[in-house]
Structures are given as C-alpha cells and as structure tokens.
1. What trypsin sites (Lys or Arg not before Pro) does the stretch 95-157 have in DSSP loop regions with at most 12 other beta carbons within 10 Å?
2. Using a 7 Å offset from Cα along Cα-Cβ at Ser123, what residues in the stretch 186-209 end up with backbone N under 15 Å from the label point?
3. Compute the relative contact order of the chain as a whole-number percentage, counting only Cα pairs closer than 8 Å that sit 6 or more residues apart in sequence.
4. Roughly how many nanometres apart are two label points built 7 Å out from the Cα toward the Cβ at Lys23 and Phe252?
5. Which residue, chosen from Asn157, Ser10, Gly109, occupies the Cα position most advanced towards the positive end of the dipole of the chain, where the dipole is computed from +1 (Lys, Arg) and -1 (Asp, Glu) charges on Cβ about the Cα centre?
6. For the stretch 16-129, what relative contact order do you get, as a whole percent, if you take Cα pairs closer than 8 Å and at least 6 residues apart?
7. Quick check: the distance between the Cα centres of the stretch 1-22 and the stretch 111-184, to the nearest angstrom?
8. Please order Thr175, Thr197, Thr149 by the number of other Cβ within 10 Å, starting at the fewest.
Amino acid sequence: MNKKIGFVSSEKPEAKKSLQILKKLYKSVAPEKAEVIVALGGDGTILKSLHKFLKKKIPIYGMNKGYVGFLMNQYSEKNLEKRLSEAIPYKLHPLKIKSFDSSGKIKEGLAFNDVSMIRNSPSIAKIKIQINNKTRINEFLGDGCLISTAAGSSAYNLSLRGPVIPVGAQVLALTPISPYRPRRWRGALLNNDAKITLLSVDNKRRPVRAEADFLEFKNIVKLEIKMDKSKCMNLLFDPGHDMEERIINEQFNN
C-alpha cells in the first residue's frame, strides 16, 4: 500500500511549477496529514521541512529544484511512488542549543546542520571553549567557532576546511572560523554525546551572536550545545545516492 504523500516547495518559480505538476500526477494530502513529505527546492527547503514536521516525525524525501541540493534527490516526475517505497532512510538528530544573553535571558532552539558563535562587531571575538564542563581553550581569538553534525559537515563546515563526517561516525565537528590564536588549532572531532560550551570573553568590547539553521541569537555571553537524541527525523534517499555515498563523494571532489 502506498503511503499518503504531502508536497511542499520553496518559493522559487521552478519549484512551484513542479509542485503543481506533481500534484496533478499523484494523489496527495495536506502535508500535516501525510505519511511522507516530498520537498521541492534546495537544502534550505529540506531544513525548513525538518523543523516544521519534527513533532509529527514525518519522513522527508527531497527533490532538487534549487542550487546545491546536497540533501536532495534528483528531480523526476516519473515513478515517484516506487522511488518512495525503495528510498533509504537516514536518521537525523538535531543539536539542542541554549543561549544566555547579556541581560540574563535564556533562549533555546534546535539545529539539524550546525550552530556558530560569531563576532558581531569589527573587533575580533574572544571565546572560551569548554567540553563537558572542562576548559580546553581559555582564549580563542578569531571570527568565531562552528559546531556541525554529520549532515551539516559538508556545508559551511567544509568551506571552513573542517572535516566531512562519515555516516555512523557518531561525532560532531568543532571548527574555528578565521582563527588568529591559537594559530595552529584547526578544530576537533568530538563524541556526539559531548556537551560543548562557548563563552564570550569581554563581551562588551567584543560582542558576539549565534546562528543555527534559521535561528539567530544576539548579545550572547554563553552558548551550550548538545545533540538531542530524544528527537529524530528520517531523511530519505534513492538507493545508490544515499547520505553515506554523498559524504564519501564530498571528500574526493576537487
């Protein structure tokens, strides 16, 4: 028996056009009532869908009508139901973020790709890095730090020359952004059970902000990050083009 399909798309004209075509070709329901979501667009569309349907835990199958499409499958209007039935699931856990701002307010959020603490002024950021409540770097100077999941390791993390994380490695990447000191520090791979704490040093002179998927936190003094294994979503890929194969390919592309 075929699963109930719900379609979503980005706002781009080509994605909206494909949305109308697929709705005419295949029986569908409202996304909130679906058993599988077909998302048309780019990686941003996938991330929005992961957040939107997290509570319902509806699997997401993306088809690329955007630019990069690392998290997407190839677009085709043929045999969609067969492709969905044969798709390989990849389980994603989000990062749980807790930010503390200079006024004492605490905000929380989730990120499936990455979270960063970045300078928010012309002054270089000064950050204390703690892992499991133990200080590892007392004063990091640079533009900031990025924490990435395996799914996000081929995005901003890779552009920073951070490591691409293989599927099943059970690690997070902690990558510096334009490091000044320590000069030779190039980041770390951490067990995905680790609690990572970034503290802004001299926040009044060196303000920082945090970015996580579609979230932004300003005037923060501390950021706590830990993978939330109580929450998960399944991202679906065509056989032979699954997440593991994509991550391996990224490590050999020139």
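Rule-based calculations on the coordinates, nothing more; no lab input. What you are looking at is a predicted structure, and each value in this text was computed from that prediction instead of being measured. Reconstructed Cβ throughout: ideal geometry from the backbone, glycine too, with neighbour counts over all protein chains shown.
1. Numbers: sites: Lys96, Lys98, Lys105, Lys107, Arg119, Lys126, Lys128, Lys134, Arg136; in loops: Lys105.
Filter output for the stretch 95-157: Lys105.
2. Taking a point 7 Å out along Cα→Cβ of Ser123, the residues of the stretch 186-209 whose backbone N falls under 15 Å are 200-209.
3. Relative contact order of the chain: 21 percent.
4. 4.2 nm
5. The one lying farthest along the dipole's positive direction is Gly109.
6. Here the relative contact order equals 17 percent.
7. 35 Å
8. Taking fewest neighbouring Cβ atoms as first place, the list is Thr197, Thr149, Thr175.
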